[in-house]
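Here the structure comes first, spelled out in C-alpha cells, and everything after it is commentary.
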Amino acid sequence: MKKNILGRCFFSPLCNALFILSLLLLNCIWSTAIGQENGKTPFKETTGIFNISSIGVNDYLPDNFWDQQVKLYVKGDTSSVPLEKFRGKAIIIDFWSNDCASCITKFPKLFAFQQKFEPYFNVLLVNKAGSEHIHRLRNDFLRNHDLSTVFKDEYLNALFPHKGVPHYVWITPIGRVAAITSAEFADEMRVKAFVDSCVKYEMPHLRTRGVNK
C-alpha cells in the first residue's frame, strides 16, 4: 500500500534554505496525519519478545539499539548481525513488503544513492517476510546487488510503527531520527543535503573531505 503523504523532517537548522523551505511546507501537510501515528502518547507494540515505545522525528535511538540482532539477507546469503554493523553513517531505513511493487521499483535508486555517497551513507531495507519469500521474488535485484534487507523483522517495525509502505526513516550517524518520509521525498538533492549535513555536523573526522560526488 503506497502512502500519499510525503513526511516530515528535521536535519539541521543550518541546512540549505531551499531544503528547509520544502521541509516547512511538508510539515504543514503532514502535521495532522503524523500526530495520529507518531503523537506524543508513546505507542506500545508487544510482539511476544518486545515491549517497545515507538520513537519519532528528532528522537534518539534507544541505548540498546545497536546491540539488537537482526536477520540479514544479502545477495542470496543470510546471516544474523547486530545493528552495530550500520552504525556511524547516515542511514535510510526502508520498510517494504513483497507485494509492494512501488517499494521494489525504488531499490535501484536507493542502491545508486548508496554507491554515490559511500562511505558516508547506507541503506537498510526491512521486511517482515522470511528470506525464502524474498529470495523467490520475480524481481531479481536483491539477488544480484549488495543491498541489505532485514527479514522476519519485529524489532524495527515496533520501534517505527507505520500504516503503509514504502516508509523511510532517516537516521543520522549519532542516532538521531532526522526524518520520516515516503519514498517520493528521497531524491538525490535531499539525500545529498542529508549526507552533507551529517558529515559536517556529526562526522567531524570527515569534515575536511566533505561529499563531493
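Please state which one of Ala90, Ala112 is of a type in the set (A, V, I, L, M), farther than 25 Å from Ile174 by Cβ and within 16 Å of the chain's Cα centre (by Cα).
None of the other options fit; the residue is Ala112.
Among the residues of the range 180-189, which ones are closer than 22 Å to Ile104 by Cβ and either touching a residue at least 24 places away in the same chain (Cβ under 8 Å) or of a type in the set (Gly, Ala, Ser) (or both)?
Ile180, Thr181, Ser182, Ala183, Glu184, Phe185, Ala186, Glu188
Please name all residue pairs, on different chains or six or more residues apart, with Cβ atoms under 8 Å, provided the first residue is in the range 194-213 and is farther than 13 Å from Phe121 by Cα and the second residue is at pLDDT 60 or above and surrounded by 15 or more Cβ atoms within 10 Å (Cβ to Cβ).
That search, which allows pairs on different chains as well, returns Arg207/Val199; Arg207/Lys200; Arg209/Val199.
Considering only the range 58-104, state which residues are over 15 Å from Asn122 (Cβ atoms) and either without any contact (Cβ under 8 Å) to a residue 12 or more places away in the chain or in contact with a Cys (Cβ under 6 Å, 6 or more places away or on another chain) (or both).
Asp63, Asn64, Asp77, Ser79, Ser80, Trp96, Asp99, Ala101
All but one of (1) modelled with pLDDT of 95 or more; (2) farther than 17 Å from Leu72 by Cα hold for Glu202, so report the exception by its number.
(1)
Could you say which residue among Ala186, Ala178 is under 12 Å from the mean Cα position of the chain (by Cα) and farther than 11 Å from Asp94 by Cβ?
Of the residues listed, the single one that is under 12 Å from the mean Cα position of the chain (by Cα) and farther than 11 Å from Asp94 by Cβ is Ala178.
So how many residues does the range 136-172 have that are surrounded by fewer than 20 Cβ atoms within 10 Å (Cβ to Cβ), part of a helix (DSSP H, G or I) and touching a Pro at 6+ places or on another chain (Cβ under 9 Å)?
The total comes to 1.
Hey, does the range 178-195 have a residue that's within 28 Å of Ile52 (Cα to Cα), touching a helix residue (DSSP H, G or I) at 6+ places or on another chain (Cβ under 7 Å), of a type in the set (S, T, N, Q) and not in a loop (DSSP other than H, G, I, E, B)?
no
Run down Val177, Val165, Val169 and say which single residue is hydrophobic (A, V, I, L, M, F, W, C) and either free of Cβ contacts under 8 Å to residues at least 24 places away in the same chain or under 18 Å from Asp99 (Cα atoms) (or both).
Val165
Looking at this structure, is Lys128 touching an Asp or Glu at 6+ places or on another chain (Cβ under 7 Å) and on the phi > 0 side of the Ramachandran plot?
no
Go through the range 106-119 and give me each residue that's in contact (Cβ under 8 Å) with a residue 24 or more places away in the chain and either among the small types (Gly, Ala, Ser) or assigned to a helix (DSSP H, G or I) (or both).
Phe107, Pro108, Lys109, Leu110, Phe111, Phe113, Gln114, Lys116
Examine the range 135-154 for a residue that is β-branched (Val, Ile, Thr), in contact with a strand residue (DSSP E or B) (Cβ under 8 Å, 6 or more places away or on another chain) and over 25 Å from Val199 (Cβ atoms), and state whether such a residue exists.
yes
Of all the strands (runs of 3 or more DSSP E) wholly in the range 22-102, which have at least 3 residues that are at pLDDT 95 or above and surrounded by 15 or more Cβ atoms within 10 Å (Cβ to Cβ)?
In the range 22-102, the matching strands (runs of 3 or more DSSP E) lie at 69-74, 90-95.
The values are calculated or read from the model by the stated rules, or taken from the named source; none is laboratory data. If you're wondering where the values come from, they're calculated on a predicted model, not measured in any experiment. Cβ atoms come from the backbone with ideal geometry, glycine included; neighbour counts cover every protein chain shown.
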